[in-house]
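First up is the structure itself, then whatever we jot down about it.
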Amino acid sequence: MKNQMDTNDRRNGLCQNKTLELLGIHYIMMDFFFSILIAFMTFLRFLTHPIYVWFAQGKKKSVPPITNDILRINATELAAKIRKKQLSSVEICQAYIDRIKQVNPIINAVVEDRFQQALKEAKTVDDYLTKCALNEEDLEKIKPLLGVPVTIKESCSLQGLSYAVGMLNRCGYKAESDGEAVARLKTSGAIPLLVSNTPEMCCCLESSNFITGYTNNPYDTTCTSGGSSGGEGALLGAGASVIGIGSDIAGSIRIPALYNGIFGHKPTARIVSLKGHFPYCYDEKFKSCLVIGPMSRYAKDLKLMLKILVGDKQATQLKLNQKVDLNKINVFFMEGTDSILETRVQSEIKAAVQDAVKYLSSQCGVKVKDHKFELKYTLNCCGKHIFNIKDLPDPLKGENDNIFTEIIKTLFGQSRYTPNLLHYLLVNKIYDLFVSDRTMEFAQLKKTFIDSLGDNGVFIYPSAYTTAGKHNQFYFLTTTAAYTILANTFGCPSTSVPCGLDKNGLPVGIQIMAAPNQDRLCLAVAEELEKHFGGWVPPK
Ligand SMILES: *[C@@H]1O[C@H](CO)[C@@H](O)[C@H](O)[C@H]1NC(C)=O
């Protein structure tokens, strides 16, 4: 099966080479149009930006400060305190439920909660602990998250709760069983509190849909919380969750992590089961680009969650229990894609990349490498790789609807589909028509990247070129995913790390990538950078 695929790939590559020679001009024209389009959208972004800012004037709100100290304890420590009976699971779950009720009217991140059941389960944990014969270590081994509340992105399936994923024709649909990732968290003793908001079918970098509406950024409600794991991002940023899970096919964990000032880890391809995720498709490329992964307010909790999500055997293979010696790490870095067509990276994000490299080399003894990667055409070749996925679920096809009719209808507010989803489908069409197939270039880039990083290298790179945009500004921030799709299409792990706030009070962040199966390097560097940058900063 695998060999056959390789042969096919090679054949496609060879064919493509020949076609390229014959139709070189055609390809140049195709990509030329795409370049013009990007440059034009970048130009429009500058024209429209002041309008967005002007409309948001005086409307900015943020969430109230945290008063309960329980909300400032990391999940690793919460679990330890529950085991030691220093804090009860009921007390902790109640603290989070109170906080969610306080902030949700402001951020609108919850699709459906299960607070009553969660409190019952917490009570069962506390009762169990009063008569439990196991010692603390054994308990930690079997149930590392016993009694700790967790939040779940709606697309990951939490039994009995909404599983509409923002689609009107799925409204009222409930998950019949737990997705595998959720099941593993439950087995580890975690208590799910709710499912959180996503864009329609997870197809946008802004979490809004016709069922739940817009999720707001906890630092500035006129801004987006990102997407597609935007509900998780907003809850974590608001201090209304300590750990959660999201999914990421082009940046959907790392972009909300950046926008909401938290940590998010996109694991190596295929190490976390996707069972129960919606949308899903059987194309192998889809299964290697999409991942489910942990999001958290404290760096250390990512590793604990990843171990649970992959299971003991794989955690050992990934050496997640071994200490990483930062002395032996090579650091590569770039401050942007270097494409002249795209928006420049915000100065605070560039500064964070510089600062991280400086800190790691002066304080941790890492070796800084000069080598730069050729990432100018990421959008073309990595974007094409994603949009080449066969049988991506197309909600319009199922209903016999036409994208252009729906776009016209949406202008008059008459479409059943969100403008976000139609925008995504339009981008898909643009890739089909105007971006040439770059299988060979992509393969070369991927190989160089992975070989250079090896088993001891990390790559520090912006998570996106700006901090959170205003609501609906994503239409003009067309190249945002250029920074994140790299890790999805290469199958590489990547951790988003918060680096303080920008001049508008919005979170700044960067991502740490590594070669496949070297997740531990990203996580170790993230923990180190948390010390330097101060990690999550509560909204004021
Ligand atoms: C976790 O929380 C505890 C209690 O607040 C704190 O002492 C500890 O340093 C934290 N650990 C990390 C790695 O953040």
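All of the numbers you see were taken from the coordinates with simple rules; none came from a lab. The structure presented is a predicted model; accordingly, all values stated were derived computationally and were not measured. Ideal geometry is used to build each Cβ from the backbone, glycine not excepted, and the neighbour counts take in all protein chains shown.
Summary table below
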read-out: Residues (among the basic types (Lys, Arg) and in a helix (DSSP H, G or I)) located in the range 143-175; value: Arg170
read-out: Members of the range 279-294 found to be over 11 Å from Thr268 (Cα atoms) and away from the ligand (no atom under 16 Å from the Cβ), listed by number; value: Pro279, Tyr280, Cys281, Tyr282, Asp283, Glu284, Lys285, Phe286, Lys287
read-out: Count of the range 362-384 residues which are closer than 26 Å to Leu290 by Cβ and of a type in the set (Ser, Thr, Tyr); value: 2
read-out: Residue within the range 312-319 that is assigned to a loop (DSSP other than H, G, I, E, B) and of a type outside the set (S, T, N, Q) present; value: yes
read-out: Qualifying position, being within 16 Å of the ligand (Cβ to nearest atom) and aromatic (Phe, Trp, Tyr), among Tyr359, Tyr298; value: Tyr298
read-out: Total residues in the range 410-426, condition in contact with a Gly (Cβ under 9 Å, 6 or more places away or on another chain) and among the hydroxyl-bearing types (Ser, Thr, Tyr); value: 1
read-out: Where Tyr214 falls short, out of the listed (1) in contact with a helix residue (DSSP H, G or I) (Cβ under 8 Å, 6 or more places away or on another chain); (2) surrounded by fewer than 24 Cβ atoms within 10 Å (Cβ to Cβ); value: (1)
read-out: Exclusive hit being more than 24 Å from Asn68 (Cα to Cα) and surrounded by 24 or more Cβ atoms within 10 Å (Cβ to Cβ), set Asp248, Asp283; value: Asp248
read-out: Filter result (part of a helix (DSSP H, G or I), in contact with a strand residue (DSSP E or B) (Cβ under 8 Å, 6 or more places away or on another chain) and not β-branched (Val, Ile, Thr)) within the range 83-108; value: Ser89, Cys93, Tyr96, Asn104
read-out: Residue count for the range 177-200, restricted to those that are surrounded by fewer than 24 Cβ atoms within 10 Å (Cβ to Cβ) and either in contact with a Phe, Trp or Tyr (Cβ under 8 Å, 6 or more places away or on another chain) or in a helix (DSSP H, G or I) (or both); value: 5
read-out: Of all residues making up the range 508-532, the number that are closer than 16 Å to Arg297 by Cβ, within 13 Å of the ligand (Cβ to nearest atom) and in contact (Cβ under 8 Å) with a residue 12 or more places away in the chain; value: 5
read-out: Which numbered condition Asp138 fails, given (1) within 29 Å of Asp312 (Cα to Cα); (2) in a loop (DSSP other than H, G, I, E, B); value: (2)
read-out: Spans of helices (runs of 4 or more DSSP H) in the range 228-301 with at least 2 residues more than 15 Å from the chain's Cα centre (by Cα); value: 284-289
read-out: Checking Lys123 against (1) under 27 Å from Pro199 (Cβ atoms); (2) without any contact (Cβ under 8 Å) to a residue 40 or more places away in the chain, the condition it does not meet; value: (1)
read-out: Candidates Lys429, Lys397, Lys446, Lys390, filtered to the one that is under 20 Å from Ser288 (Cβ atoms) and assigned to a helix (DSSP H, G or I); value: Lys446
read-out: Per-region count, the range 251-280, residues surrounded by 24 or more Cβ atoms within 10 Å (Cβ to Cβ) and in contact with a Pro (Cβ under 8 Å, 6 or more places away or on another chain); value: 12
read-out: Some residue of the range 302-311 being over 15 Å from Ile460 (Cβ atoms), surrounded by fewer than 21 Cβ atoms within 10 Å (Cβ to Cβ), charged (D, E, K, R) and in contact (Cβ under 8 Å) with a residue 12 or more places away in the chain; value: yes
read-out: Filter result for Val345 (more than 27 Å from Phe34 (Cα to Cα), buried (at least 18 other Cβ atoms within 10 Å of the Cβ) and touching an Asp or Glu at 6+ places or on another chain (Cβ under 9 Å)); value: no
read-out: Boolean, Cys522 is within 16 Å of Tyr259 (Cα to Cα) and in contact with a His (Cβ under 9 Å, 6 or more places away or on another chain); value: no
read-out: Qualifying residues in the range 218-227 (those that are hydroxyl-bearing (Ser, Thr, Tyr) and part of a loop (DSSP other than H, G, I, E, B)) - the one surrounded by the fewest Cβ atoms within 10 Å (Cβ to Cβ); value: Tyr219
read-out: Lone qualifier among Glu140, Glu136 - being touching a Lys or Arg at 6+ places or on another chain (Cβ under 8 Å), within 18 Å of Asp301 (Cβ to Cβ) and of a type in the set (Asp, Glu); value: Glu140
read-out: Filter result (buried (at least 21 other Cβ atoms within 10 Å of the Cβ) and part of a helix (DSSP H, G or I)) within the range 354-383; value: Ala356, Leu360, Thr378, Leu379, Asn380, Cys381, Cys382, Gly383
read-out: Residue within the range 490-507 that is in a helix (DSSP H, G or I), closer than 29 Å to Glu374 by Cβ and within 16 Å of the ligand (Cβ to nearest atom) present; value: no
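Residues are listed down the side, and each one gets a yes or a no for (1) in a loop (DSSP other than H, G, I, E, B); (2) within 16 Å of the ligand (Cβ to nearest atom); (3) acidic (Asp, Glu); (4) without any contact (Cβ under 8 Å) to a residue 60 or more places away in the chain:
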{"residue": "Ile36", "(1), (2), (3), (4)": "no, no, no, yes"}
{"residue": "Phe40", "(1), (2), (3), (4)": "no, no, no, yes"}
{"residue": "Leu47", "(1), (2), (3), (4)": "no, no, no, yes"}
{"residue": "Tyr52", "(1), (2), (3), (4)": "no, no, no, no"}
{"residue": "Lys60", "(1), (2), (3), (4)": "yes, no, no, no"}
{"residue": "Leu71", "(1), (2), (3), (4)": "no, yes, no, no"}
{"residue": "Glu77", "(1), (2), (3), (4)": "no, yes, yes, yes"}
{"residue": "Lys81", "(1), (2), (3), (4)": "no, yes, no, yes"}
